[in-house]
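First comes the structure, then the notes that go with it.
The values are calculated or read from the model by the stated rules, or taken from the named source; none is laboratory data. Keep in mind that what you see is a predicted model, and the values were worked out from it rather than measured. When the accessible area is computed, the model is the full protein with side chains, heavy atoms only, and any ligands, DNA or RNA have been set aside. Shrake-Rupley method; radii C 1.70, N 1.55, O 1.52, S 1.80 Å.
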Amino acid sequence: MDKGKQITGAAREELAQEMKKQYEQGMSIRAIAEAHGRSYGFVHRVLTETDVSLRSRGGERPQRRRLEGVGRSPR
């Protein structure tokens, strides 16, 4: 599809399902936007239209370890 061209009807539904699948497989919104030559906002809007549960910002991060008593005075 041409960059910036308005997408409607069946073509938009097909694109939305493809983007939904990519997002659910772990691709970021920015990566999907780049792959399809669309803006971040367009991809975000399409995903929300398809009722995708969006991930929180920052992606997956390892669990932060609690260091008991390091650098702190006891309470």
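Dividing the Cα radius of gyration by the Kirkwood radius, what Rg/Rh value follows for the stretch 1-53?
Numbers: Rg = 10.0 Å, Rh = 10.9 Å.
Ratio value, two decimals: 0.91.
When the chain is fully extended, how far beyond the present Cα-Cα distance does residue 18 get from residue 48, taking 0.36 nm per residue of separation? Could the numbers behind the result be given before it?
Working: separation 30, 0.36 × 30 = 10.80 nm, distance 1.36 nm.
Taking residue 18 through residue 48 to full extension adds about 9.4 nm, to one decimal.
Counting only heavy atoms of protein chains, what accessible area per residue, in Å², does the stretch 14-63 have with a probe of 1.4 Å? Intermediate results must be reported in sequence, preceding the final value.
Working: 3620 Å² over 50 residues.
Result: 72 Å² of accessible area for each residue.
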